[in-house]
Amino acid sequence: MKIGIVGLGLIGGSMAKSVKARTAHTVWGVDLNSETMTMARMCGAIDGPLTEENLSQCDLILVALRPGAAIDWVRANAGHIASSAILVDLCGVKRVVVKAIAPIAAAHGFAYIGGHPMAGRERGGFTAATDDLYVGASMILTPDQRTDMQLLESLKVFFLDVGFARLTFSDPEEHDRIIAFTSQLAHIVSSAYVKSPEAQRRRGFSAGSFQDMTRVARLDEDMWTELFLDDADYLTGELDVLIGHLTQYADALKAKDPELLRALLKDGREKKASAGGN
């Protein structure tokens, strides 16, 4: 199979490395950063650059860009995509992306499905990309009425081959609602938490819990600003819920109320137990 990967940062670069490490597929890639292109070619993550000419030969196209850039790329290049091809975007939000790309795909006759690999690292870029980033991870796909079972079966085989443990199916609305809680809220909390003046005076006093809370504060502010704003309705709802819960803890502490504080902590422990590890 001939695969085109657009964007060779952490997500696209890891996809390219995973494909080359685990399959015999041909990978063509493109990135605006010339140094990234050189590194990708030299380390064998791609077989060559993705061009206007070989784009039409691709069986599968993975677009690993920020939402706005992904939409712009598809709009600009749709005329060069074969009607037999499958295009999957790998963006972290789905409503705005699917709404824009689905009609472009329908107009040009190629298959399209929204995707989101549930894997990442606190550092981005091709140098952070690895061929095992997706091992054991879940790949979310958002099929619609145009998606047939043969397409889903082809994608299942491909994504399992490159290391994913499972496919999860959703619709764009559900995806964005859940991801606001499981991913975006955690990044905002981490960013806010590390702003305490004590974060700069912690040496010798921090252990695993501090590392867990602050790991994702080392984020790409340009990318996450776009993701947060594209999902602002669901994300602000989750923030309101969190602020309400934090206020309960603060009130219990200010009142020096051990029963209320114990009840709040017990409720959190039980909810974690019922939610499981993932």
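Here's a check for you: in segment 93-119, which residue that is part of a loop (DSSP other than H, G, I, E, B) and in contact with a helix residue (DSSP H, G or I) (Cβ under 7 Å, 6 or more places away or on another chain) is nearest to A180 (Cα to Cα)?
V93
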Only one of (1) open to solvent by less than 50 Å² (accessible area, probe 1.4 Å); (2) in a helix (DSSP H, G or I) does not apply to I5, and that is (2)
If you go through segment 115-134 one residue at a time, do you hit one that is farther than 22 Å from G13 by Cα and within 21 Å of the chain's Cα centre (by Cα)? no
V216 vs (1) in contact with a Ser or Thr (Cβ under 6 Å, 6 or more places away or on another chain); (2) farther than 22 Å from I140 by Cβ: all pass except (2)
Scan A64, A21, A70 and give me the residue that is more than 19 Å from the chain's Cα centre (by Cα) and either on the phi > 0 side of the Ramachandran plot or of a type in the set (G, A, S) (or both). A21
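The values are calculated or read from the model by the stated rules, or taken from the named source; none is laboratory data. Since we're looking at a predicted model, the values are computed, not measured. Note that each Cβ is placed from the backbone with ideal geometry, even for glycine, and that neighbours are counted across all protein chains shown. Note: accessible area is taken over every heavy atom of the protein model, side chains too, but ligands, DNA and RNA are not part of it. Shrake-Rupley method; radii C 1.70, N 1.55, O 1.52, S 1.80 Å.
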